[in-house]
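The values are calculated or read from the model by the stated rules, or taken from the named source; none is laboratory data. Note that the coordinates shown come from a computational prediction; the quantities given were computed from them, not determined experimentally. Glycine gets a Cβ as well: all are built from the backbone with ideal geometry, and neighbour counts include every protein chain shown.
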Amino acid sequence: MFPLDLFLTNRIKVNQMNNDTTNNQSLVEAIRMGVGYSSDRTLAKYFDTSRSTIWLWSKTGRLPKPIKLSEGCTRWCNKAIKHFEKEAAS
């Protein structure tokens, strides 16, 4: 596993897991702008890693803790993700 810092210093790649690139781009743009909430799947695409790594990073403090919106619906605040990126880069 690579440290989060490597992902932050390189240009972030979006993994094209499906053919809906417009939707992926808008989700990634929402993270960059710090607007809304993202799933583990979206963050995994954003950081070009696996969903389990997103959960591990969150558990170990490399990402903020997620918010449980409802049963079976857990999301990360994009504003918090953006803040963590800035903190890690400085």
For a quick check of your reading of the model, give me the residue pairs whose first member lies in segment 29-49 and is surrounded by fewer than 18 Cβ atoms within 10 Å (Cβ to Cβ), whose second is in a strand (DSSP E or B) and among the charged types (D, E, K, R), with beta-carbon atoms closer than 8 Å and at least 6 apart or on different chains.
Ser39/Arg75
Go through segment 55-90 residue by residue and tally those that are among the β-branched types (Val, Ile, Thr) and either under 19 Å from Gln25 (Cα atoms) or in contact with a Cys (Cβ under 8 Å, 6 or more places away or on another chain) (or both).
2
Under 9 Å between Cβ atoms, at least 6 apart or on separate chains: pull out the pairs that start in segment 52-80 with a residue that is farther than 12 Å from Ser38 by Cα and at pLDDT 95 or above and end on any residue that is assigned to a helix (DSSP H, G or I) and acidic (Asp, Glu).
Ser52/Asp40; Trp55/Asp40; Ser58/Asp40
